[in-house]
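**Q** Please find one structure pasted underneath; my questions will follow.
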Ligand SMILES: C[S@@+](CC[C@H](N)C(=O)[O-])C[C@H]1O[C@@H](n2cnc3c(N)ncnc32)[C@H](O)[C@@H]1O
């Protein structure tokens, strides 16, 4: 039994929303795509890159039953398979251990998940997989408390929290984020959470919201009359309260195009932020950082939509009008925005071609890089 095991596993709790497993909408697909693609970059970055972590963990706090009733894989199998099928799997396992902890409260869901996991056996050495029956927040609180007591740290972890409802305790998220290289990916059930915030003065509700937001600040921080702006204010508050450097979201829209829930990625790592931005662009190639329920999940795009880079071009010209900037500086400056480095490179390349921008210290190499980091300056006429 591991540090993630609960002392008294809850028995027989009934899944409160069994219909969840009947459908597989585009929103569920996008959620799983984001996990698959992100982990595809995260595993090697943490183990083979500069961090060289000897052990990494994937934790699924609301793991579910493993498969939907029509056979589509649930998040535990998506995560496990993304590692088992990874091109660098054996290289990673040569120097690191990779553990998967799947926590699930409903006993029959745990049984079903265990069956699915059995079908993946035998697993290569140094991969650990454990399905744990219990309440995820009690399990996580127990883990944090015992690590603190022993003066130990949690191994670098990607923790996916995917409840049906919105009652996720903010204190637990904050405590998890204090460990180095722990990242959280939380499904925030915004429609219901927003309704609760609007009823925040009802008896009992305020105390619940204080626990979700780890304090009373939500009263003043989530004030806008607009549903989506309120969601942004909620993200800003959670980011601040958890102490995370970066918060990246992807909004999941219902039939009426309003945000039903959003997936929130919290990390302290610049690389994690960049990787999640790339992942979200892959999931939503038109930009906008949202997915629609009404899109048909199996639909393949014949022509991939191109992002409209005009706003980024204007942004770049505005920065260069202020003063010349090094190429890498501009890259740092777009990190808080939705734009990717490759978008900026495309804009800069076009501006150079059009002779609107000139570069100094250019070392004749085709591509810019940290060792070929020219100073970009606007030409007089631009
Ligand atoms: C949205 S489903 C999870 C779906 C799964 N993450 C996936 O993508 O395949 C939510 C799951 O959380 C479980 N659950 C609800 N409350 C829980 C709790 N406090 N601790 C652990 N599991 C819980 C439910 O039984 C259900 O299986």
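**Q** Nearest-5 percent of antiparallel DSSP beta bridges in the chain?
**A** Antiparallel bridges: around 45 percent, rounded to the nearest 5.
**Q** Same structure, new question: Helix 75-84: angle to the longest alpha-carbon principal axis of the chain, degrees 0 to 90, nearest 10?
**A** 60 degrees
**Q** May I pose another question? Measure nothing but the geometry: give the 0 to 90° angle between the long axis through the Cα atoms of 310-322 and the longest principal axis through the Cα atoms of the chain, rounded to 10°.
**A** Its long axis makes an angle of about 60 degrees.
**Q** So how much slack lies between residue 375 and residue 322, counting 0.36 nm per residue of separation and subtracting their Cα-Cα distance, in nm?
**A** Computed gain between residue 375 and residue 322 is 17.7 nm.
**Q** For residue 223 and residue 205, compute 0.36 nm times the residue count separating them, minus their Cα-Cα distance, and round to one decimal in nm. Walk me through the numbers on the way to the answer.
**A** On the way: separation 18, 0.36 × 18 = 6.48 nm, distance 1.68 nm.
That pair, residue 223 and residue 205, stretches by 4.8 nm at full extension.
**Q** Evaluate the relative contact order of segment 18-292 (contact order divided by residue number), counting alpha-carbon pairs under 8 angstrom at least 6 apart; express in whole percent.
**A** So the answer I get is 17 percent.
**Q** Checking the a/c ratio against 1.5 first, then a/b against b/c, what shape does the Cα gyration tensor give for the chain?
**A** Since a/c reaches 1.5 and a/b is larger than b/c, the shape of the chain is classed as prolate.
**Q** OK, next. Over the chain, with a Gaussian network built from C-alpha contacts below 10 Å, which listed residue (367, 227, 331) shows the highest mean-square fluctuation?
**A** Largest GNM mean-square fluctuation: 367.
**Q** Another question, then. Measure of size requested: the Rg and Dmax of segment 310-378, with Cα atoms as the atom set and Å as the unit; please supply both.
**A** So, for segment 310-378, Rg and Dmax equal 10.9, 30 Å respectively.
**Q** Rounded, prolate or oblate: which fits segment 179-267 when a ≥ b ≥ c are the square roots of the eigenvalues of the alpha-carbon gyration tensor, with rounded for a/c under 1.5 and prolate only if a/b beats b/c? List each step's numbers first, then the result.
**A** Working: a/c = 1.90, a/b = 1.13, b/c = 1.67.
The shape class here is oblate.
**Q** Classify segment 1-152 as rounded, prolate or oblate from the Cα gyration tensor: take a ≥ b ≥ c as the square roots of its eigenvalues, call it rounded if a/c is under 1.5, otherwise prolate when a/b beats b/c and oblate if not.
**A** In terms of gyration-tensor shape, oblate.
**Q** Using alpha carbons only, how many degrees (0 to 90, rounded to 10) separate the axis of helix 341-353 from the longest principal axis of the chain?
**A** 10 degrees
**Q** Take the Cα radius of gyration of segment 153-209 and divide it by 2.2 N^0.38 Å, with N its residue count; two decimals is plenty.
**A** Relative to the rule-of-thumb radius for its length, segment 153-209 sits at 1.33.
**Q** Compute a Gaussian network model of the chain, connecting alpha carbons closer than 10 Å, and tell me which residue from 306, 183, 116 fluctuates the most.
**A** Of 306, 183, 116, the most mobile in the Gaussian network model is 306.
**Q** Select from 39, 237, 317 the residue whose mean-square fluctuation is largest in a Gaussian network model of the chain (Cα-Cα springs shorter than 10 Å).
**A** Per the Cα network of the chain with a 10 Å cutoff, 317 tops the list.
All of the numbers you see were taken from the coordinates with simple rules; none came from a lab. All values reported here derive from a predicted model rather than from experimental measurement.
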